[in-house]
1. Please provide three numbers in whole Å: the alpha-carbon extents of chain C along the principal axes, with the largest listed first.
2. Select from C:305, C:353, C:236 the residue farthest towards the positive end of the dipole of chain C; place +1 on Cβ of Lys and Arg, -1 on Cβ of Asp and Glu, and compute about the Cα centre.
3. Return the long-range amide H neighbours of residue C:174 (sequence gap of 5 or more, or a different chain), with a cut-off of under 5 Å between placed amide H atoms.
4. Name the most mobile residue of B:281, B:251, B:215, meaning the one with the largest mean-square fluctuation, in a Gaussian network model of chain B with Cα contacts below 10 Å.
5. Do you know the relative contact order of region C:188-310, to the nearest whole percent, from alpha carbon pairs under 8 angstrom that are 6+ apart?
6. Could you work out the relative contact order of chain C? I mean the mean sequence separation of Cα pairs under 8 Å and 6+ apart, divided by the number of residues, in percent.
7. For A:21-31, what's the mean count of beta carbons from other chains sitting within 10 Å of each residue's beta carbon?
8. Of C:69, C:272, C:136, which is the most mobile in a GNM of chain C whose springs link Cα atoms less than 10 angstrom apart?
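Derivation of every value follows stated rules applied to the coordinates shown; laboratory data play no part. Since the structure is predicted, the reported quantities are computational estimates derived from the model, not experimental observations. With ideal geometry, Cβ positions are generated from the backbone for all residues, glycine too; neighbour counts draw on all protein chains shown.
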Amino acid sequence: MTKKRKSGKIAPAVRGLLFVAYGVPIIWIVITSLKTSNQVFNTGWGMIFFSPNISAYTKNLHGALLQAGLQSIIIATGTCVLVLLIAVPAGYGLARTTGRMPTIALGALIVLQMVPQTATVIPLFQIFGSWGLLDNTLGVVIADTALLTPFAVLLLRPFFRGVPIALEESGAIDGASVWRIFRSIVLPIARNGVATTATLIFLISWGEFLYAVNFFLSPGRYPLSAVLAQQITAFGIDWPGLMALAVITSIPILGLFVATYKQLRDGLTLGAVK
Amino acid sequence: MPTLTSRTMKKVGRRDSSAPSAPRRRTRRQVRFVFVIPATLFIAIFSVYPLIQLLRMSVSDVTPATLGSSWNFVGFSNFSKGFAEGTLGTVLGNTLVFVGIVTVLGLVGGLAAAISLRGSARGSGLLLGLMVFIWALPPVVNGSVWKFLLGNTGLFNSILGISGTSPIGYLYNQHLALFSVAIVNSWAVVPFNALVFRAAILNIDPEIFEAAQLDGARPFQEIRYVIMAAVRPTTLVLTVLTVVYGFRSFDFIYVMTYGGPGTVTTTLPFLSYLEAFVRFDFGLGSATAVITVVLVIVLAMVYARSVRREEREL
Amino acid sequence: MGFKEEHHLPGITRTSPGLARVLSRKGRVALVAIAAASLLILSACSTTSAPSSSATPSQITVWHYTIDPIQAKVITAAAAAFEKTHPHTKVNSVYVPYDQLQSKLIAAAAAQQGPDVVLFNGGDANTLAAAGTLAPLDKYWSAYKDKTQFPDSTLHYYNNKLYAVQGVVDLVALWYNQDLMKKLGIAAPPTTIDEFNADMAKAKAAGYKGLTVTGLPNDQSEWQAYPWLTHAGVSYEKPTAASLTSAFTAAQSWVNNGYLSKEVVTWDQTLPFQQFLTGNVLFAENGDWQAGAAKGAKFKYGVAPLPLSTDGKLYLGGTGNGIGTFSKAPQLAWEYIESGTLSKSGEISALENIGSIPARLDMVKDPTVTSSAITQGFASLIGPNGAKYPSAAIPPKNVAGVQLLVGQTWSAVLGGQLTPKDAADKVMSGLNTLLKK
């Protein structure tokens, strides 16, 4: 009772602040996408009141965008799957072992994240060149995976540590193998963390464009993230175009998020039900 | 002021129960280390090799002309050149301020957001989705939006203009620019922290909350004793990730101020970019990157040590 | 979720219905994984892995940085011109974002790959040549029948070999708002600095801005600062602190007097012109490539020379054309350059679609150039005020360093971070190292 009333004051205030802080930029993006290049520089009330037009959208919606969208889906999904395949076991392994090695491993993961992405382009270009992975979606997926695995492992570890070890031990008492314990006991409990990590990996690799621009050598293979970067040209930035494209390229993510959020949310309440 | 009983505290504090028999546990732990192998192999090939190249470049003279052939070893002269040119001192200071702001605001904001969004009310889901959507937008979009919002004729200054104040140079005033960019960067990272914190908060056994309420705990105490204790491992990891993010962050500076005015908003990663991809002195750029890595190693050691301490608490 | 520690076996059985659910979820996950894996395998296999640099005579690859649909007509026209005379060879035009072009070329070269033709910012020729990404053009150039049409500033040499040629020239001048000038009672664009300052003062008094330039701390600032630096007597052959101080004082005065907004330190070259197009600014120092954007202005505009002394120089930039080192068909690549960018029709295409000034001497009197006041306004400056970009006094490997140093300092001056004297000292001490041969 007290709880509802008290949190009834602060929490909504925080939510309100967040709504403004994150809603205003979205509104601004949509508004700009409906302006002409000149209207972008309107001052005063002209910023909000103007005659909208959808030319920025019609200009950018064409067949090549669909192809780029498909490419984005392939890259993001592939990276997500590959990262989970190697990072989920690694996160569990590092959560359940102690000693010198895991500590060093953790430190190494942090250090690896500090290598600037730009510094990895040239070495990876050489590796992919000699392995025939240039101009190849698989190459970009591998590069993205290498980029995001340390991050994923670090993120997953606390979720695995949150699984009560008593459960794993009772599983062992029942005679289950380590692998079975991992698969049937630990993973279900940690699925919150795995789902969260998967979402983040998907979103990050969806937006990654440095590897995409450098490792794809022919046109038509660029994913959406690179298409967005194209709006920044040597001769100027098409502001309405940039914002329109941002809206267009984000719709698939939005759709995905809406679709999986229900699953995420249901998964959460499932565990909470007595 | 009723305090939480030891029963509730025990539930929160204890993550694992005491071990049955020690030797069996030790063997099992060795086995579990096998889980790490696939990731190790992959990282060894695709992440460690670029790191080694980075280290080699930082002690060599590498320009586009020499990139393809063998590199001349120059010892630490790339590092001393950076200090001699004078910018490195300012840049270091800028970086520490920048990382400090992003870390503090990012974590506090993320936790506050997670706590206020932990209910499964419809509005919370929508707001969280909105925040993650923003987070997922490319920095070039987010940075451009804020560049306009903070401009002389942007939203903030227009509102100020109503009361007759002259515009504030958020992005070009040499005293404000760094803070402005850091705050925008924090804003961009809060949704990520909120999402992860929220997942951790939702993992807390609801019975603990009930027990706390039975003890008569008020919301603030709930937050302090239940939530914050339970998310401690997550806080630890998010601190590391946010600090790393701050030390890597480059896109927002690139879009909003390009390190300016002058060098006011130039941080270590931006300086490294300028040296490597504008001046095309790969050796110098690598040296700056290595300096950043060394700074983070210090942090990594602190994290690793607290991880070991946390395990000894079992 | 937290399970109470008392529940051992019940904890497991409780997960059994959960297990069934988990299995079906894992089943779903497995399906997604298999689908994704097959997508990946499909995409990897279906790559017709002829790397785009391997130009079998059936295709040549051109890397460029033009994406705007109107400006890109230059690229499609060049491809069409080539394909007409080479019916068995297609042109594969690849767009690379401007900021990525140099690093992508260098990365590719490090792996022994690259395109057949590169269209890039001419001023970067030294860097690209030094990185081994460009092939020498000497043997094609000496056989080229029109080679005498091209002035020295359009040829880029490195280590005494020719690596890039320009078909066009880009430079800056003073764009002015004619309607606003009339409103303020200014009869003609300024020809001296005093007139310039007086005009901007009139604009400020009437509530407008006097000038826009770029103040971003990079090479773009150095590019735009050069006319003002040289006007004050600065030269890279023999820089002096006094001349630098004079130039920086003038620049800072524009800001202190309110003619120029300090906000320009966050603008590259495009934003200032977009501001100019709103009609609230009297003058804009900007380039010929804005001709297309200018057409959207709601006021009458014109172009005049910057009000410089005879010492004042303008950098002659422009798109450089080069052949990739790892091209398998360099002769075809040269023929593309010849027909697509160095020919009269190629230059006219660039003029009409981008606004760049033709470089050929036999185009100077061409009606396409003389008929447009804007084009003529720029073209007439090339001879008297043009200067090579980058300056030959700077050792090639330090060109980027000099541009960054001067650009950052210009930005610091406009932003008030440095006084003119401190700025001059900073530049002098930097140039002492960078200009050493």
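1. 91, 64, 49
2. Positive-most Cα among the choices belongs to C:353.
3. Amide H neighbours of residue C:174, under 5 Å, 5+ apart: C:304, C:306.
4. B:215
5. Values: 140 pairs, mean separation 47.1, N = 123.
This gives 38 percent for region C:188-310.
6. Values: 752 pairs, mean separation 104.2, N = 437.
Reported relative contact order: 24 percent.
7. Values: counts 7, 12, 4, 3, 12, 5, 0, 7, 6, 0, 0.
Per-residue shielding by partner chains comes out at 5.
8. With Cα springs under 10 Å in chain C, the top fluctuation among C:69, C:272, C:136 is at C:69.
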